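The values are calculated or read from the model by the stated rules, or taken from the named source; none is laboratory data. Given the structure is predicted, the values throughout are model-derived calculations rather than measurements. All Cβ positions, glycine included, derive from the backbone under ideal geometry; neighbour counts span all protein chains shown. Heads up: the accessible areas ignore ligands, DNA and RNA and are worked out on the full protein's heavy atoms, side chains in. Shrake-Rupley method; radii C 1.70, N 1.55, O 1.52, S 1.80 Å.
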Amino acid sequence: MSNELHVAIAGATGAVGIEMLKTLENRNFPLSKLSLLASKRSAGKTQTFKGEKITVQELTRDSFKGVDIALFSAGGGTSKEYAEFAVGAGSVVVDNSSAFRSDDEVPLVVPEINAVDVASHKGIIANPNCSTIVTIMALYPLHCAFGVKRIFASTYQAVSGSGAMGIVELERQVDEITAGKQVSKMVYPHQIAFNVLPHVDEFLESGYTKEEMKMENEARKIMSLPDFKASVTCVRVPVLRAHSIAVCAEFERPVSISNAKNAIESAPGIDLNDDVANNNYPLPLGVAGSDNCQVGRIRQDCAFDNGLSFWVVGDQLLKGAALNAVQIAEEVAKL
Ligand code: A2P
């Protein structure tokens, strides 16, 4: 591709879209032009990029003329409706929704793990699920060291994973409770303030949710491990930003804590934060706003042979979404 690229963000006013804009700015992405696209409701609003105001335009089928890379984060329905028009106009689509992730023709990429897959794209590259990205940022280096077979995991997912309205819901409910008012619910089926909900995404016939099965299906594709198994419970917690995942992993080969820590320390994009003697372990409040994920509480699992348990936290709006998408765009720019 040429040195400077015309990039469009579809969903530029959303929780992830805003982070995409900031990430392009922070990483000094080589841009010739930035187009900001959202629904009709947002057309005419402005957002600032590198000190300049850019007017948001309504996303239409004709939005992609001259666009080299289109970053989509406007929901799966919008991706399904508009991605083909972006590809038709010659853009490479990096899609943050789940619309194309299981499509064999569409690479699913975490650049630290499988950047090489970007080159096989046919117009669309999918950005994985946020909890999956954060989990495998820790799991993949351990897999390279010991060979992963299966995991059991529980997620602790922040409300911003439900978009900007998730944040509004939690803050409003906290205000209502402290003012002694009736709690109103618009995003979640139950009160999220001072509560936890074992329910993220739609339930399947198996009893798992769609979100829970993304971990197994997407990790298999990203790590090229068709036999990998994951039994996951996804939980929404009253945290504004950054997802945490408690993981118990079983490996093919014997594990050692020191080799596990070395594997994490030499891996890109993940930091070891594991000093329990001083109460140091990753926390959402400590990780929110950071590019790197953090892993701690690494211990020999007492229920598995060749097992490790650990706690990994990542900013799901950044590494779990916007940052990963921009990193993919950087790989596309190298082609
Ligand atoms: P808008 O702000 O105009 O509604 P979030 O994930 O935070 O809820 O954000 C979703 C993003 O996707 C927003 O930028 C939203 O724009 C955009 N969006 C949602 N539906 C559409 C649509 N049908 N066409 C274009 N953009 C959409």
Magnitude of the Cβ-charge dipole of region 132-316, K/R +1 and D/E -1, about the Cα centre, nearest 20 debye?
120 debye
List the GluC sites (Glu not before Pro) within region 170-251 that fall in a DSSP loop (any state other than H, G, I, E or B) and whose Cβ has at most 13 other Cβ atoms within 10 Å.
GLU202, GLU205
Binned Cα-Cα distances of the chain, short to long, each 20 Å bin given as a whole percent:
31, 57, 11
Lysine pair count for region 31-109 [Cα-Cα under 15 Å; pairs on different chains or 8 or more apart]
4
Quick check: net charge around MET213, other residues with Cβ under 12 Å of its Cβ, Lys/Arg +1 and Asp/Glu -1?
-2
Among all the aspartates and glutamates, which ones have a C-alpha under 20 Å from LYS334's C-alpha, if same-chain residues fewer than 8 places away are not counted?
GLU4, GLU25, ASP68, ASP95, GLU112, ASP117
Enter the accessible area per residue of region 1-79 (Å², integer; probe 1.4 Å; all protein chains in place).
49 Å²
Given axes a ≥ b ≥ c from the Cα gyration tensor, I'd like to know whether region 179-277 is rounded (a/c under 1.5), prolate (a/b larger than b/c) or oblate.
oblate
Three-way shape call for region 132-316 based on the alpha-carbon gyration tensor, with the a/c threshold at 1.5:
prolate
Kirkwood-Stokes translational diffusion coefficient of region 228-335, alpha-carbon pairs, 25 °C, 0.890 mPa s, µm²/s:
161 µm²/s
Apportionment of accessible area to carbon and sulfur, the chain, percent (1.4 Å)
49 percent
Taking 4 °C and 1.567 mPa s as the conditions, I'd like the Stokes-Einstein D for region 19-138 in µm²/s, using the Kirkwood hydrodynamic radius from alpha carbon pairs.
85 µm²/s
Report the calculated FRET efficiency for ALA115 and GLN182 (r = Cβ-Cβ distance, R0 = 41 Å), to the nearest 0.05.
0.25
Which ³J(HN,Hα) values, rounded to whole Hz and listed in residue order, are derived for region 240-256 from phi using the Karplus coefficients 6.51, -1.76 and 1.60 in 6.51 cos²θ - 1.76 cosθ + 1.60 with θ = phi - 60°, glycine and proline given as x?
6, 8, 4, 8, 10, 9, 9, 10, 10, 10, 10, 10, 5, 10, x, 9, 9
Could you state the number of Å between the C-alpha centres of region 287-321 and region 170-225?
20 Å
Before I look further, what does region 132-316 give for accessible area per residue, probe 1.4 Å, in whole square angstrom?
47 Å²
